[in-house]
Amino acid sequence: MNPRLKLATALAALLGVAAPAGNAFAHGDVAPQPVDISGLPPLGDELRSENPYRNTSAYERAKEIGAKAFNQNCARCHGLGAVSGGIAPDLRYLVPGDDDEYFLGRVMSGSVRNGVTYMPPFGEIFSQEAIWAIRSWLDSVHVE
Ligand code: HEC
(Lines give C-alpha, C1' and ligand atoms only; values in the text may rest on other atoms or scores of the structure.)
Protein backbone atom coordinates (compact mmCIF):
# COMPACT_ATOMS: atom_id res chain seq x y z
CA MET A 1 0.00 0.00 0.00
CA ASN A 2 1.40 3.41 -0.81
CA PRO A 3 2.27 5.45 2.29
CA ARG A 4 -0.20 8.25 1.59
CA LEU A 5 -3.07 5.79 1.21
CA LYS A 6 -1.97 4.09 4.41
CA LEU A 7 -2.03 7.40 6.22
CA ALA A 8 -5.48 8.20 4.86
CA THR A 9 -6.75 4.80 5.97
CA ALA A 10 -5.25 5.23 9.44
CA LEU A 11 -6.80 8.68 9.68
CA ALA A 12 -10.18 7.37 8.58
CA ALA A 13 -9.99 4.62 11.20
CA LEU A 14 -9.02 7.16 13.82
CA LEU A 15 -11.92 9.42 12.93
CA GLY A 16 -14.29 6.50 12.73
CA VAL A 17 -15.24 7.18 9.12
CA ALA A 18 -15.03 4.82 6.20
CA ALA A 19 -13.08 5.60 3.04
CA PRO A 20 -16.05 5.35 0.62
CA ALA A 21 -14.56 4.04 -2.63
CA GLY A 22 -12.22 1.69 -0.77
CA ASN A 23 -15.06 0.14 1.13
CA ALA A 24 -17.44 -0.28 -1.77
CA PHE A 25 -14.62 -1.89 -3.69
CA ALA A 26 -13.52 -4.23 -0.94
CA HIS A 27 -17.07 -5.43 -0.56
CA GLY A 28 -17.60 -5.76 -4.29
CA ASP A 29 -16.42 -9.29 -4.81
CA VAL A 30 -18.44 -11.17 -2.23
CA ALA A 31 -20.46 -13.78 -4.14
CA PRO A 32 -24.18 -12.97 -4.50
CA GLN A 33 -26.44 -15.38 -2.67
CA PRO A 34 -29.24 -17.07 -4.62
CA VAL A 35 -32.77 -16.13 -3.60
CA ASP A 36 -35.39 -18.82 -2.94
CA ILE A 37 -38.58 -17.39 -4.45
CA SER A 38 -40.86 -20.34 -3.73
CA GLY A 39 -44.38 -19.22 -2.87
CA LEU A 40 -44.24 -16.13 -5.08
CA PRO A 41 -46.44 -15.88 -8.18
CA PRO A 42 -44.16 -16.12 -11.26
CA LEU A 43 -43.88 -12.96 -13.37
CA GLY A 44 -42.53 -14.18 -16.68
CA ASP A 45 -39.91 -12.35 -18.73
CA GLU A 46 -41.57 -9.02 -19.26
CA LEU A 47 -40.22 -6.48 -16.79
CA ARG A 48 -42.81 -4.73 -14.63
CA SER A 49 -42.62 -1.01 -13.95
CA GLU A 50 -44.25 -1.31 -10.53
CA ASN A 51 -43.93 -3.80 -7.72
CA PRO A 52 -46.48 -6.48 -8.73
CA TYR A 53 -46.65 -7.94 -5.21
CA ARG A 54 -47.56 -4.78 -3.33
CA ASN A 55 -50.99 -5.05 -1.73
CA THR A 56 -51.65 -8.54 -3.07
CA SER A 57 -51.99 -11.80 -1.12
CA ALA A 58 -48.32 -12.52 -1.97
CA TYR A 59 -47.09 -9.31 -0.32
CA GLU A 60 -46.25 -10.82 3.09
CA ARG A 61 -44.36 -13.72 1.55
CA ALA A 62 -42.52 -11.29 -0.72
CA LYS A 63 -41.42 -9.19 2.27
CA GLU A 64 -40.19 -12.29 4.08
CA ILE A 65 -38.11 -13.38 1.08
CA GLY A 66 -36.95 -9.82 0.49
CA ALA A 67 -35.74 -9.34 4.06
CA LYS A 68 -33.48 -12.36 3.81
CA ALA A 69 -32.26 -11.52 0.31
CA PHE A 70 -31.47 -7.97 1.40
CA ASN A 71 -29.49 -9.16 4.42
CA GLN A 72 -27.47 -11.57 2.32
CA ASN A 73 -26.81 -9.37 -0.69
CA CYS A 74 -27.29 -5.69 0.03
CA ALA A 75 -26.86 -4.99 3.75
CA ARG A 76 -23.07 -5.07 3.65
CA CYS A 77 -23.15 -1.87 1.60
CA HIS A 78 -26.61 -0.40 2.21
CA GLY A 79 -26.71 -1.18 5.93
CA LEU A 80 -28.62 -3.49 8.27
CA GLY A 81 -32.32 -2.68 8.16
CA ALA A 82 -31.41 -0.51 5.12
CA VAL A 83 -30.11 2.18 7.48
CA SER A 84 -27.14 3.40 5.48
CA GLY A 85 -23.82 3.86 7.23
CA GLY A 86 -22.81 6.32 4.52
CA ILE A 87 -20.95 4.21 1.94
CA ALA A 88 -24.03 3.65 -0.21
CA PRO A 89 -27.36 5.49 -0.59
CA ASP A 90 -30.05 5.00 2.05
CA LEU A 91 -32.67 2.91 0.26
CA ARG A 92 -35.40 3.69 2.80
CA TYR A 93 -36.00 6.97 1.01
CA LEU A 94 -36.98 5.40 -2.31
CA VAL A 95 -40.69 6.04 -2.78
CA PRO A 96 -42.90 2.94 -3.13
CA GLY A 97 -44.52 3.15 -6.57
CA ASP A 98 -42.78 6.23 -7.99
CA ASP A 99 -39.28 4.80 -7.64
CA ASP A 100 -40.12 1.18 -8.45
CA GLU A 101 -38.97 1.15 -12.07
CA TYR A 102 -35.80 3.03 -11.13
CA PHE A 103 -35.18 0.49 -8.36
CA LEU A 104 -35.50 -2.49 -10.71
CA GLY A 105 -33.13 -0.89 -13.23
CA ARG A 106 -30.51 0.02 -10.66
CA VAL A 107 -30.47 -3.41 -9.06
CA MET A 108 -30.23 -5.12 -12.44
CA SER A 109 -27.39 -2.96 -13.79
CA GLY A 110 -25.53 -2.03 -10.59
CA SER A 111 -23.13 0.87 -10.82
CA VAL A 112 -19.87 0.77 -12.72
CA ARG A 113 -18.15 4.05 -13.59
CA ASN A 114 -14.67 4.50 -15.06
CA GLY A 115 -13.98 0.85 -14.52
CA VAL A 116 -14.77 1.00 -10.81
CA THR A 117 -17.59 -1.21 -9.50
CA TYR A 118 -19.51 0.77 -6.89
CA MET A 119 -22.28 -1.77 -6.93
CA PRO A 120 -22.27 -5.13 -8.73
CA PRO A 121 -25.05 -5.82 -11.27
CA PHE A 122 -27.63 -8.35 -10.07
CA GLY A 123 -29.59 -8.70 -13.32
CA GLU A 124 -27.90 -11.92 -14.38
CA ILE A 125 -28.20 -13.52 -10.97
CA PHE A 126 -31.57 -12.46 -9.58
CA SER A 127 -34.95 -13.19 -11.06
CA GLN A 128 -37.39 -10.31 -11.38
CA GLU A 129 -39.37 -12.00 -8.59
CA ALA A 130 -36.36 -11.76 -6.25
CA ILE A 131 -35.84 -8.06 -6.98
CA TRP A 132 -39.52 -7.21 -6.38
CA ALA A 133 -39.36 -9.23 -3.15
CA ILE A 134 -36.54 -6.97 -1.96
CA ARG A 135 -38.55 -3.93 -3.06
CA SER A 136 -41.50 -5.29 -1.04
CA TRP A 137 -39.41 -5.57 2.11
CA LEU A 138 -38.01 -2.07 1.55
CA ASP A 139 -41.61 -0.77 1.49
CA SER A 140 -41.88 -1.80 5.14
CA VAL A 141 -38.88 0.31 6.21
CA HIS A 142 -39.66 3.31 3.98
CA VAL A 143 -39.26 6.76 5.53
CA GLU A 144 -40.29 10.10 4.04
C1 HEC B 1 -20.63 -3.42 -3.04
C2 HEC B 1 -21.58 -2.55 -2.37
C3 HEC B 1 -23.02 -2.64 -2.80
C4 HEC B 1 -23.83 -3.76 -2.81
C5 HEC B 1 -23.48 -5.18 -2.44
C6 HEC B 1 -25.13 -3.29 -3.23
N7 HEC B 1 -25.09 -1.95 -3.50
FE8 HEC B 1 -26.61 -0.80 -4.17
N9 HEC B 1 -25.38 0.78 -4.35
C10 HEC B 1 -24.08 0.82 -3.90
C11 HEC B 1 -23.51 2.14 -4.17
C12 HEC B 1 -22.10 2.60 -3.81
C13 HEC B 1 -24.53 2.88 -4.80
C14 HEC B 1 -24.41 4.30 -5.37
C15 HEC B 1 -23.88 4.09 -6.75
C16 HEC B 1 -23.55 5.32 -7.51
O17 HEC B 1 -23.30 6.36 -6.90
O18 HEC B 1 -23.53 5.22 -8.75
C19 HEC B 1 -25.69 2.00 -4.89
C20 HEC B 1 -26.91 2.37 -5.42
C21 HEC B 1 -28.07 1.61 -5.34
C22 HEC B 1 -29.37 2.06 -5.75
C23 HEC B 1 -29.74 3.46 -6.26
C24 HEC B 1 -30.09 4.26 -5.01
C25 HEC B 1 -30.42 5.70 -5.19
O26 HEC B 1 -30.87 6.33 -4.20
O27 HEC B 1 -30.23 6.24 -6.28
C28 HEC B 1 -30.24 1.04 -5.49
C29 HEC B 1 -31.74 1.01 -5.76
C30 HEC B 1 -29.47 -0.04 -4.94
N31 HEC B 1 -28.15 0.34 -4.86
C32 HEC B 1 -29.99 -1.26 -4.53
C33 HEC B 1 -29.23 -2.33 -4.09
C34 HEC B 1 -29.78 -3.63 -3.75
C35 HEC B 1 -31.26 -3.97 -3.72
C36 HEC B 1 -28.73 -4.43 -3.45
C37 HEC B 1 -28.75 -5.90 -3.10
C38 HEC B 1 -29.40 -6.75 -4.04
C39 HEC B 1 -27.52 -3.63 -3.58
N40 HEC B 1 -27.87 -2.37 -3.96
C41 HEC B 1 -26.24 -4.10 -3.33
C42 HEC B 1 -23.38 -0.22 -3.32
C43 HEC B 1 -23.83 -1.52 -3.23
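The values are calculated or read from the model by the stated rules, or taken from the named source; none is laboratory data. No experiment lies behind these values; they were computed from the predicted model shown. Positions of Cβ are generated from backbone atoms using ideal geometry, with glycine treated the same way; all protein chains shown enter the neighbour counts.
Of note:
- Filtered residues of the range 92-113 (kept if of a type outside the set (A, V, I, L, M, F, W, C) and either in a helix (DSSP H, G or I) or at pLDDT below 95 (or both)): 92, 93, 100, 101, 102, 105, 106, 109, 113
- Reported count of residues in the range 92-122, each being crowded, with 16+ Cβ neighbours inside 10 Å and either among the hydrophobic types (A, V, I, L, M, F, W, C) or more than 7 Å from the ligand (Cβ to nearest atom) (or both), is 12.
- When each of 54, 76 is tested for being within 9 Å of the ligand (Cβ to nearest atom) and out of contact with any strand residue (DSSP E or B) (no Cβ under 7 Å at 6 or more places or on another chain), the lone residue that passes is 76.
- Residue list for the range 123-144, filter: more than 10 Å from the ligand (Cβ to nearest atom) and either more than 14 Å from residue 66 (Cα to Cα) or in a loop (DSSP other than H, G, I, E, B) (or both): 123, 124, 127, 140, 141, 142, 143, 144
- Which numbered condition residue 118 misses (of (1) more than 16 Å from residue 43 (Cβ to Cβ); (2) in contact with a helix residue (DSSP H, G or I) (Cβ under 9 Å, 6 or more places away or on another chain); (3) in a loop (DSSP other than H, G, I, E, B)): (3)
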